[in-house]
1. If Leu81 passes every condition in (1) in contact (Cβ under 8 Å) with a residue 40 or more places away in the chain; (2) over 13 Å from Tyr113 (Cα atoms); (3) of a type outside the set (Asp, Glu) but one, which one does it miss?
2. How many residues does region 11-24 contain that are over 16 Å from the mean Cα position of the chain (by Cα) and under 17 Å from Trp38 (Cα atoms)?
3. Residues of region 87-101 being farther than 14 Å from Thr57 by Cβ and out of contact with any Gly (no Cβ under 7 Å at 6 or more places or on another chain), which ones?
4. If you take the residues in region 15-67 that are in a helix (DSSP H, G or I) and free of Cβ contacts under 8 Å to residues at least 24 places away in the same chain, which one is surrounded by the fewest Cβ atoms within 10 Å (Cβ to Cβ)?
5. Looking at (1) under 22 Å from Thr35 (Cβ atoms); (2) in contact with a helix residue (DSSP H, G or I) (Cβ under 9 Å, 6 or more places away or on another chain), which is the only condition Arg76 fails?
6. Specify the residue that is surrounded by the fewest Cβ atoms within 10 Å (Cβ to Cβ); the eligible residues are those in region 68-96 that are of a type in the set (A, V, I, L, M, F, W, C) and part of a loop (DSSP other than H, G, I, E, B).
Amino acid sequence: MLRPIDEYFLKHDEPAKSCMQFLREYILKQDDKITEAWRYGMPFFYYDGKMFCYLWTHKKFKLPYIGIVEGKQIERPDLLLEKRERMKILLIDPIHIPIETVDEILGKTIMLYI
């Protein structure tokens, strides 16, 4: 029997499914202190026990995104605040994952926790 977090990653259609699974593994490999958990009905990632980021799909754009919990502290034009107070999101093109952008944003986010 699959855990809810594993079911979440399998329920998407391609290419979003492969993109989300890739991002899941990629985020976890960024640092040994990053762990995943099923919280608030979504896959959440923690850095040393503190909320770090999450993966979700944007309802309007139908694209996967990485939600950065402390995103408001990071200034980048590709991070969207929308109607959130604290978190910003990075929309991901599932065909062409902007890996350098993901690296830079995750790196800056990790620095907020060190």
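The numbers here are math on the coordinates, done by the rules we state, and not lab data. As the structure is a prediction and not an experimental result, all values here were calculated from the model. Methodologically, a virtual Cβ is constructed for each residue, glycine included, from the backbone with ideal geometry; neighbour enumeration extends over all protein chains shown.
1. (1)
2. 1
3. Across region 87-101, the qualifying residues are Ile95, His96, Ile97, Pro98, Ile99, Glu100, Thr101.
4. First pass over region 15-67, keeping only residues in a helix (DSSP H, G or I): 16-28.
Now drop any that are not free of Cβ contacts under 8 Å to residues at least 24 places away in the same chain, which leaves 17, 21, 25, 28.
On the way: Lys17: 15, Gln21: 15, Glu25: 8, Leu28: 13.
This residue is Glu25.
5. Among (1) under 22 Å from Thr35 (Cβ atoms); (2) in contact with a helix residue (DSSP H, G or I) (Cβ under 9 Å, 6 or more places away or on another chain), Arg76 violates only (1).
6. Of region 68-96, the ones of a type in the set (A, V, I, L, M, F, W, C) are 68-69, 74, 79-81, 87, 89-92, 95.
Restricting the remaining residues to those that are part of a loop (DSSP other than H, G, I, E, B) gives 69, 74, 79, 81, 87, 92, 95.
Numbers: Val69: 21, Ile74: 16, Leu79: 19, Leu81: 12, Met87: 18, Ile92: 23, Ile95: 9.
If we take residues in region 68-96 being of a type in the set (A, V, I, L, M, F, W, C) and part of a loop (DSSP other than H, G, I, E, B), then Ile95 is surrounded by the fewest Cβ atoms within 10 Å (Cβ to Cβ).
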